[in-house]
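The values are calculated or read from the model by the stated rules, or taken from the named source; none is laboratory data. Keep in mind that this is a model prediction, so the values were computed, not measured. Cβ placement follows ideal geometry from the backbone for every residue including glycine, while neighbour counts extend to all protein chains displayed.
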Amino acid sequence: MSLFLGGARSGKSRLALAFAQALPDPHVFVATAQAFDDEMRDRIDKHRQERDDRWRTIEASLDLPSAIERAGSSSVLIDCCTLWLSNVMLAERNVSNEVERLLGSLRSSSARIVLVSNEVGSGIVPDNQLGRKFRDEQGLLNQQLAAISDRVELVVAGVPLRIKG
């Protein structure tokens, strides 16, 4: 399992896609974004255009563990864990339970998994309780993902820095 971390627009998704494309077929892209407005629909369409026709897409805004199970032993790119966590929090689900389900599915999967997640701890302290809770939960999730990943890349300005593996 490989984890690509970075800030917004750091290049982490582009690098994770290139890394995952080099893995054996079949390829599965697990998308966690939800298109609530036109701008987000445009972003999703642009991401789709970056992938060639060998990619099968599974939409999983909330039930990421089931998507991982459905992917079987494919090469899987999950983009991204940050959107998934925000979806879980906004749906008012139990974050600890959902994270444990996710970690369990990642540990038991036979897939070659590439994860994308935002590093949110380097910015300012959010000015509201929900923002601070999200930052804290995202930081904890990233630590747990990094702990079970064989490879961790921190991406800054499009440049990857291997920090594990």
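Results, tabulated for the structure shown:
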{"item": "Test for ALA60: is it of a type in the set (Gly, Ala, Ser) and over 19 Å from ASN118 (Cβ atoms)", "result": "no"}
{"item": "Positions within the stretch 102-119 being of a type in the set (D, E, K, R) and surrounded by 16 or more Cβ atoms within 10 Å (Cβ to Cβ), in sequence order", "result": "ARG112, GLU119"}
{"item": "Identity of the residue in the stretch 120-130, of a type in the set (Val, Ile, Thr) and surrounded by fewer than 19 Cβ atoms within 10 Å (Cβ to Cβ), that ends up modelled with the highest pLDDT", "result": "VAL125"}
{"item": "Qualifying residue in the stretch 77-89 (condition: more than 20 Å from PHE4 (Cα to Cα) and either surrounded by fewer than 18 Cβ atoms within 10 Å (Cβ to Cβ) or among the aliphatic types (A, V, I, L, M) (or both))", "result": "yes"}
{"item": "Hits in the stretch 131-156 (condition: at pLDDT below 95 and touching a Gly at 6+ places or on another chain (Cβ under 8 Å))", "result": "none"}
{"item": "Contacts under 9 angstrom Cβ, first residue in the stretch 43-59 being among the hydroxyl-bearing types (Ser, Thr, Tyr), partner assigned to a strand (DSSP E or B) and modelled with pLDDT of 80 or more, 6 or more apart", "result": "THR57/VAL28; THR57/PHE29; THR57/VAL30; THR57/ALA31"}
{"item": "Residue list for the stretch 96-131, restricted to those being over 22 Å from MET1 (Cα atoms) and β-branched (Val, Ile, Thr)", "result": "ILE124, VAL125"}
{"item": "Selection from the stretch 11-52 of residues that are more than 14 Å from the chain's Cα centre (by Cα) and not in a helix (DSSP H, G or I)", "result": "ALA22, LEU23, PRO24, ASP25, PRO26, HIS27, ALA35, PHE36, ASP37, ARG51, ASP52"}
{"item": "Flag for VAL99 being under 26 Å from LEU17 (Cα atoms), out of contact with any Gly (no Cβ under 8 Å at 6 or more places or on another chain) and of a type in the set (Val, Ile, Thr)", "result": "yes"}
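Condition check ((1) surrounded by fewer than 19 Cβ atoms within 10 Å (Cβ to Cβ); (2) closer than 21 Å to ASP150 by Cβ; (3) of a type outside the set (A, V, I, L, M, F, W, C)) across all residues:
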position	(1), (2), (3)
SER13	yes, yes, yes
GLN21	yes, yes, yes
VAL28	no, yes, no
ASP37	yes, no, yes
ARG43	yes, no, yes
SER66	yes, no, yes
